[in-house]
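Please read the structure below before turning to the comments.
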Amino acid sequence: MHTGTGQGAGTGEGAVAEGGDDTVWTSLPGGLLRMRRMLLVTIVPLLAVAAAAVLWPLAGPGWAALAALPLLALTGWGWWMIERNWRSWRYAERADDLLISRGVLWHELTVVPYGRMQLVEVTSGPVERHFGLASVQLHTAAAASDARIPGLLPEEAARLRERLTELGQARSAGL
């Protein structure tokens with residue numbers, strides 16, 4: 001379904017899917033990538049130091065360093081994987097529904113019909129606020145079909161909430 005080229009990633013520009021589908025996909029802004037990478041380079045080295053500090057008196061400095069190395073290597077691998085995951089997130093506003101595409105190994109495509117939306121929330125925790133980001137959470141009648149778009153700029157999240165709420169009210173009026 002989604003075969004965007006990746007151009008415009010992080011800028012909010014859309015990528016048109018191939019194969020005759022005229023769905024315009026919107027990428028997530030680069031702030032989400034920066035936030036996740038900052039958390040990675042903050043938390044994993046702290047875990048490596050903690051592991052080394054625990055092992056140092058028990059097994060000696062050599063084993064302590066040896067135990068910390070895989071955690072530090074995990075930082076490099078995580079740096080790459082976070083970008084792959086970030087690039088996989090896209091959303092598209094269509095006439096009757098909202099599409100959310102994500103996933104690197106297991107690709108997921110969530111289709112949320114506007115008429116099924118019951119609640120649209122914009123949330124922003126302390127870390128997200130520090131990076132100037134917000135998430136949009138969509139609630140439907142079926143709990144399993146709730147969807148989320150993370151890492152949006154607050155203005156885009158508010159715009160999306162207003163648009164989805166209006167479309168949801170218009171579509172549910174006919175039910």
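The values are calculated or read from the model by the stated rules, or taken from the named source; none is laboratory data. This structure is a prediction, so every number in the text was calculated from the model and none was measured. Cβ atoms come from the backbone with ideal geometry, glycine included; neighbour counts cover every protein chain shown. Only protein heavy atoms, including side chains, enter the accessible area calculation; ligands, DNA and RNA are left aside. Shrake-Rupley method; radii C 1.70, N 1.55, O 1.52, S 1.80 Å.
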- [ ] Find the percent of Cα-Cα distances in segment 57-131 that exceed 20 Å, and round it to a whole number.
- [x] 62
- [ ] Using DSSP, restrict attention to beta bridges with both residues in the chain and report what percent are antiparallel, rounded to the nearest 5.
- [x] 95
Task: With every protein chain in place, the chain: carbon and sulfur % of accessible area (1.4 Å) - done: 63
- [ ] Compare V49, V112, V24 in a GNM of the chain, Cα atoms joined below 10 Å, and give the one with the largest fluctuation.
- [x] V49
TODO: With Cα extents along the principal axes in Å in mind, check [x] 50, 39, 31; [y] 71, 33, 27; [z] 56, 54, 27 and report the label derived from this structure.
DONE: [y]
Open item on the list: With a 1.4 Å probe and all protein chains kept in place, how much accessible area does L153 have, in Å² rounded to the nearest 10?
Closed with: 80
Task: Where GluC sites (Glu not before Pro) in DSSP loops with at most 15 other Cβ within 10 Å are excluded, longest remaining stretch of the chain - done: 19-175
- [ ] Kindly report the accessible area of segment 58-175 per residue (heavy atoms of protein chains, probe 1.4 Å, no ligands, DNA or RNA), in Å².
- [x] 57
- [ ] As a check on your grasp of the helix formula, calculate [θ] at 222 nm for the chain: sum -39500 (n - 2.57) over DSSP H runs of n ≥ 4, divide by the residue count, round to the nearest 500.
- [x] -16000 deg cm²/dmol
